[in-house]
1. If the requirement is being within 15 Å of the ligand (Cβ to nearest atom), touching a helix residue (DSSP H, G or I) at 6+ places or on another chain (Cβ under 8 Å) and open to solvent by less than 70 Å² (accessible area, probe 1.4 Å), which of these qualifies: Thr183, Thr158, Thr194?
2. Could you run through segment 169-193 and say how many residues are in contact (Cβ under 8 Å) with a residue 24 or more places away in the chain and under 16 Å from the mean Cα position of the chain (by Cα)?
3. How many of the residues making up segment 58-102 are under 29 Å from Ile189 (Cα atoms) and either part of a strand (DSSP E or B) or not aliphatic (A, V, I, L, M) (or both)?
4. Can you name the residue in segment 103-116 that is assigned to a helix (DSSP H, G or I) and not hydrophobic (A, V, I, L, M, F, W, C) and is also surrounded by the fewest Cβ atoms within 10 Å (Cβ to Cβ) among such residues?
5. Applying the selection to segment 128-142, what residues are among the hydrophobic types (A, V, I, L, M, F, W, C) and closer than 22 Å to Ala216 by Cβ?
6. Does at least one position in segment 88-105 carry a residue that is under 22 Å from Ala126 (Cβ atoms) and of a type in the set (Gly, Ala, Ser)?
7. Could you tell me which numbered condition Ala87 fails, if it satisfies all but one of (1) away from the ligand (no atom under 15 Å from the Cβ); (2) in contact (Cβ under 8 Å) with a residue 60 or more places away in the chain; (3) more than 15 Å from the chain's Cα centre (by Cα)?
8. Look through Ser55, Ser14 and report the one residue that is within 9 Å of the ligand (Cβ to nearest atom), part of a loop (DSSP other than H, G, I, E, B) and modelled with pLDDT of 95 or more.
Amino acid sequence: MNLPWKHAIVVGASSGIGEAIARRLVRAGCRVALIARRADRLEAICAQLNREAGSEVAIAVGHDVHVHEEIPWLFQNCALRLGGLDAIFYAPGVLPRIAPDEYDTATDVETIQVNLLGAIAWLNQAALRFEKTGRGTIVGIGSIAGDRGRRGNPVYCTSKAALATYLESLRNRLGRRGVKVVTAKPGFIDTEMTHGLTGMIWLISADRAAELILRAARRGRTTAYIPERWRLVGLVVRMIPSFLFRRLNV
Ligand SMILES: NC(=O)c1ccc[n+]([C@@H]2O[C@H](COP(=O)([O-])OP(=O)(O)OC[C@H]3O[C@@H](n4cnc5c(N)ncnc54)[C@H](OP(=O)(O)O)[C@@H]3O)[C@@H](O)[C@H]2O)c1
């Protein structure tokens with residue numbers, strides 16, 4: 001796939017969708033900084049990509065998104081080492097398995113930290129830079145789960161709904177400055193996050209999800225359902241009245 005970006009940051013690139021996005025970006029000729037906690041996995045992915053390319057096109061950066069204070073420096077350092085920055089992808093996410101009667105604040109705070117606050121901390125840096133340069137693409141990986149408050153996992157839904165709202169606000173601020181902000185909303189993707197889950201429909205691979213996300217970002221889509229057929233589900237689910245929705249286990 002031809003992609004317009006030459007320099008990109010992928011946060012959450014050690015597995016799943018983020019890793020697949022990073023691999024596709026590099027293979028399309030982009031220099032990429034891959035960021036996550038599992039530095040050994042990042043090193044292995046980068047070594048393979050650099051071997052294939054015959055030069056240093058992928059950089060591994062160990063980082064935990066809880067550590068907000070190091071993000072401004074890391075962001076600048078990645079842009080410097082890459083030789084510029086045209087795009088950033090925020091993929092980190094946790095989906096804790098929650099019992100129907102579980103209300104554990106520590107688990108909930110962790111979910112908000114990774115899925116939402118880390119995104120804000122990284123994407124604020126991108127907003128600052130792209131607003132000045134008047135170009136750039138910001139992609140956040142949300143979820144179809146954010147379209148409604150489902151009974152199964154209240155805080156995961158909350159984190160993804162809030163992320164979508166934050167990204168919409170960024171888009172409304174930065175759109176007039178020439179910056180694209182894309183919200184990707186995957187359905188079920190076959191990754192470490194979903195291992196062991198049952199009842200997943202329309203399951204696709206992380207690589208297929210990455211392809212669809214990159215295509216949507218290249219086209220400058222605002223909200224992309226991954227794959228597109230989830231858009232109709234999102235529309236129907238949002239239209240169901242609350243008194244009916246609470247009786248459904250969706
Ligand atoms: N899989 C699905 O069906 C599905 C559906 C809808 C939305 N999504 C969303 O897609 C995104 C990617 O998920 P995935 O399915 O690809 O799962 P995954 O394979 O588990 O990937 C999660 C990524 O997040 C990183 N991460 C987690 N906690 C982190 C932290 N504290 N600091 C830095 N990085 C952290 C992980 O890296 P380290 O562990 O190395 O730090 C890993 O690279 C998530 O936002 C998820 O909510 C997934």
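The values are calculated or read from the model by the stated rules, or taken from the named source; none is laboratory data. Quick caveat, the model's predicted, so the values are computed rather than measured. Glycine also receives a Cβ, built like all others from the backbone with ideal geometry; neighbour counts cover every protein chain displayed. In case anyone asks, the SASA skips ligands and DNA or RNA and just uses the protein heavy atoms, side chains included. Shrake-Rupley method; radii C 1.70, N 1.55, O 1.52, S 1.80 Å.
1. Unique residue meeting the criteria: Thr183.
2. If we filter segment 169-193 for residues that are in contact (Cβ under 8 Å) with a residue 24 or more places away in the chain, which is where we start, we get 170-171, 173-174, 177-187, 189, 191-193.
Cutting the leftovers down to under 16 Å from the mean Cα position of the chain (by Cα) gives us 170-171, 180-187, 189, 191-193.
Counting residues in segment 169-193 that are in contact (Cβ under 8 Å) with a residue 24 or more places away in the chain and under 16 Å from the mean Cα position of the chain (by Cα) gives 14.
3. The total comes to 23.
4. Looking at residues that are assigned to a helix (DSSP H, G or I) and not hydrophobic (A, V, I, L, M, F, W, C), I get Thr105.
5. Answer for segment 128-142, where residues must be among the hydrophobic types (A, V, I, L, M, F, W, C) and closer than 22 Å to Ala216 by Cβ: Phe130, Ile138, Val139, Ile141.
6. Yes, segment 88-105 contains a residue that is under 22 Å from Ala126 (Cβ atoms) and of a type in the set (Gly, Ala, Ser).
7. (3)
8. Values: Ser55 fails: within 9 Å of the ligand (Cβ to nearest atom).
Matching residue, one of Ser55, Ser14: Ser14.
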